[in-house]
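Participant: Dropping a structure here in structure tokens format, bear with me for questions.
Rule-based calculations on the coordinates, nothing more; no lab input. What you see is a predicted model; the values in this text were computed from it and never measured.
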Amino acid sequence: MNKILPRIESIANNEGITIGALERKIGASKGVLSRAIANGTDIQSKWIQAIVENYPRYSTEWLLSGKGEMIREEITQRATPSVQAQFSLRTDHPVEMQNVPLYELDASAGLVALFADQNRRTPISHIQIPDLPPCDGAVYVRGDSMYPLLKSGDIVLYKEIPNGSQGILWGEMYLLSFTIDGESYISIKYIQKADDDRFVRLVSHNPHHSPKDIPADSIQALALIKASIRFNTMG
């Protein structure tokens, strides 16, 4: 059964979450999966069943044997997008219909490169959405810091803020890129005022993630989240 472990890691990577987050999702104690992966040992069949039940879009045959496609074909074909939530401002004016480009974020380049090169970068798709404020683009959600409001695999639509941290509306949700100790990060967070004016506070929706203060001048790119889209599967 330990041959399944790399595929469990693949599910976590595809969902943009840690093994620890996957353990919490399936109701396993901390370390049940991570220790098995580290040591190459078997896990109980009930955890395989829990993964199948909690992540139904992944093929059971692929998980158990490695055969076939990772994503179930019938789910891929029957998934339909719907606007899950809107985060409009009172000053926003909805557009009757817009064709929003969907981008795949490159972790090494990030938002800075995307925003600087948006006119020349090729989107992976376009999303036609009615009655939303003007949006510059859309990206996939990775990770669980905004769960359950945003789930990994959801899509968020954003409006770029050209003035960076100078244009922050406190308490709103943002897609941002920042650098700490030479490392670049991309995140979706609420941004609030910090006690020190030189900093801003990043706040998650998920209570398991603690707020974090970062220097305001560490923010390299910033975009206001306007809406989220979730792909719902039918029957």
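Participant: Would you mind computing the Rg to Rh ratio of segment 154-213 from its alpha-carbon coordinates, Kirkwood style for Rh?
Facilitator: When Rh is taken as the Kirkwood radius, the ratio is 0.94.
Participant: Take the chain, connect every pair of alpha-carbon atoms lying under 10 Å apart with a spring to form a Gaussian network, then pick out the residue of G182, G20, G153 with the largest mean-square fluctuation.
Facilitator: Its mean-square fluctuation being the largest, the pick is G182.
Participant: Please list, ordered by chain and number, the residues whose modelled amide H lies under 5 Å from the amide H of D213; skip anything fewer than 5 residues away on the same chain.
Facilitator: Amide H neighbours of D213: L202.
Participant: Taking the chain as the region of interest, what is the percent of Cα-Cα pairs per 5 angstrom bin, listed from the shortest bin to the one with the maximum distance?
Facilitator: Taking all Cα pairs of the chain, the binned fractions are 1, 6, 12, 16, 17, 15, 13, 10, 6, 3, 1, 0 percent.
Participant: Also: Tell me what the chain gives for mean residue ellipticity at 222 nm when only DSSP H runs of n ≥ 4 count, each as -39,500 (n - 2.57), the sum divided by the residue total, rounded to 500 deg cm²/dmol.
Facilitator: Result for the chain: -6500 deg cm²/dmol, rounded to the nearest 500.
Participant: Let me know the volume per residue of the alpha-carbon convex hull for segment 2-71, in Å³.
Facilitator: Dividing the Cα hull volume of segment 2-71 by its residues yields 73 Å³.
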